[in-house]
Each structure stands twice: as C-alpha cells, then as structure tokens.
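Since every read-out is calculated from the coordinates, none of them should be taken as a lab result. Since this is a predicted model, take the numbers as computed values, not measurements. Glycine also receives a Cβ, built like all others from the backbone with ideal geometry; neighbour counts cover every protein chain displayed.
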Amino acid sequence: MLLCFRIFRFDPSTDKEPYFAEYEVSPEPTERLLDCLNRIKWEQDGTLSYRMSCGHGVCGSCAMRINGKCGLACQKLAKEYEGQTVTVEPLPSFKVLKDLMVDLTPFFEKVRLIRPYLISSQAPPDKERLQSPEERKKVDQVIRCILCASCVASCPVSNEDDQFLGPAPLVWAFRYIFDTRDTETKERLRQLDTPHGAWGCKNHFECTRVCPKGIPVTKSINMIKKEIRRFQ
Ligand code: SF4
C-alpha cells in the first residue's frame, strides 16, 4: 500500500510562509498514521517536527488535523486512507511553533482556571474519600479526557473568541461539579455563568464529533447550563 502525504511545514526561524511538503510512505495496513509520520521523520526527513508520546491514544500528544478533521494520529489506521492523499496540519486556532507542533499554553491556562482538582471543605478521612458506584457513574465519561485539545481546535466559537473557555476546560469543570465529594459546586457554577463560560457554547457539536475518547462534550456542557439554572 502506498500513501501520499501532504504535510504542513513551517519553521518560524527560517520560513517566511508555511508550505506543504509531499512524502510517500508504504506502511503495513495495520500501521497508524503516527507510524507513517515516524517513517517520514526517521527515514526521509529528520527536520519534520510533531509531538508524540504513548502512541496508544492515552497521552493526547499527537493531536493534529488530518484531512480536515482533528484527532489523534495514533488512532488512525493507515489502511483507512488507502487511495487518498493524507493532508496533515497542526491543530487550528493555536500558534504554530514548528510544523505540526502548536503552542498549547493558552489551552492549559484555561484548564487551570477552572481549578481541575477536588476541593472539599470536609476534613480528610483516614483513608480515601469514598463515592458510591452510582455517584461515580455521573463522571465516568468525562473522566476519560486526555487533554488533547482536538475539541477546542474544532470549536467554531473557540476559533473566533479567544476569551471563550472552550470545550475541554468545561469538561473538566463538569468532572468536579458533578463529583459528589467536591464542595465547591456553587462557586464553580458561578464562575461558568458568563458569556465566555458555559453560555459561550452554541451547540455546534464539533467537539463531540472529534473527541477521540468518545466523550459527549456538548451534552456535558448543556448539563452544566442546566445545573447553573437549577442553582439560580
Ligand atoms: S474532551 Fe475529548 S477532544 Fe477535548 S481534550 Fe478531552 S479528550 Fe481531547
């Protein structure tokens, strides 16, 4: 199998403009697009830059835009692209550091803003803070978020409004708002009750479509909106 790649290239220290470079790879059908990028880098062009780590859909490092859709290169089977030209670009709406690597600092700053950790006014118990299986079920889906930023890069609102918190930070807010052990619920909801918080979401559903972990992102944001109304 022969796959043709068009890969976005841009080195701000030497290039005036971004351009696309073309490569050909002959992967095994069971290989992923990330394996193809590795073959290009290791066998053809060592200057190509991208992020990767686990290679198994766990770390979220290899998020990029592939044929117009954001996702993890390690989750895309090469054989699914047979007969196509594979266009690979960095995640949109972030500053390109080099080639497929973007600056995720603003993304992580927004995640930090929502205080992504358990806050409890209760004294710590001798062992862990327990939850029932039913209580845990409420956050089962959102807990899978790996902070790959594909949702934010695909969100039409995030692309136009850099003040909007964005889907992933809202998913992390959901994780603690609906965690029965967290006692900061009201304050968390108050923080999201703004045009750039939960209300910034206009239900485009792009985040849900691209999430590599199958998280119902838009539905979760809508549940936050419902909870804000309930506490008003
Ligand atoms: S919600 Fe999904 S797409 Fe968004 S950062 Fe988490 S894993 Fe990635």
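Computed from phi, the 3J(HN,Hα) profile of the range 11-26 under the Karplus parametrisation 6.51, -1.76, 1.60 (θ = phi - 60°) reads 10, x, 7, 10, 9, 7, 9, x, 8, 10, 10, 10, 9, 10, 9, 10 Hz, with x in place of Gly and Pro. Database remark: amide H of Thr87 closer than 5 angstrom to the amide H of Arg6, Asn67 (H placed geometrically; neighbours at sequence offset of 5 or more, or on other chains; Pro and chain starts carry no H). Rounded to 0.05, the FRET efficiency of the Thr47 and Arg112 pair, given R0 = 35 Å and the Cβ-Cβ distance, is 0.60. When cysteine pairs in the chain are screened for C-beta atoms closer than 4.7 angstrom, the residues that find no partner are Cys4, Cys36, Cys62, Cys70, Cys74, Cys145, Cys148, Cys155, Cys201, Cys211. Given a cut-off of 30 Å, name the pairs among Lys16/Lys69; Lys41/Lys202; Lys110/Lys213; Lys127/Lys219; Lys76/Lys225 whose C-alpha atoms lie farther apart than that in the structure shown. Table pairs above 30 Å Cα-Cα are Lys41/Lys202; Lys127/Lys219; Lys76/Lys225.
Amide H contacts for Thr183 (H built 1.01 Å from N in the peptide plane; partners 5 or more residues away or on another chain; cut-off under 5 Å): Ile119, Ser120, Ser121. Here the relative contact order of the range 3-102, from alpha carbon pairs under 8 Å that lie six or more residues apart, stands at 35 percent. Treating r as the C-beta distance of Glu22 and Val58 and R0 as 35 Å, the FRET efficiency rounds to 0.70. Dimensions of the chain based on its C-alpha atoms, expressed as ranges along the principal axes with the largest first, amount to 58, 37, 29 Å.
Helix 167-177 and the longest principal axis of the C-alpha atoms of the chain enclose an angle of approximately 30°. Bridgeable aspartates and glutamates around Lys79 (alpha carbons under 16 Å apart, same-chain partners fewer than 8 residues away excluded): Glu24, Glu28, Glu31, Asp35.
Under the simplified labelling scheme, the Glu82-Ile119 pair shows an inter-label distance of 5.4 nm, with each label point 7 Å from Cα along Cα→Cβ. In order along the range 84-94, phi translates into HN-Hα couplings of 10, 8, 9, 9, 10, 10, x, 4, x, 6, 10 Hz, rounded to whole numbers, per the Karplus curve 6.51 cos²θ - 1.76 cosθ + 1.60 with θ = phi - 60° and x for Gly and Pro.
Using θ = phi - 60° in the Karplus curve 6.51 cos²θ - 1.76 cosθ + 1.60, the 3J(HN,Hα) couplings for the range 54-69 round to 6, x, 9, x, 10, 8, x, 5, 8, 5, 7, 9, 10, 6, x, 10 Hz; x is entered for Gly and Pro.
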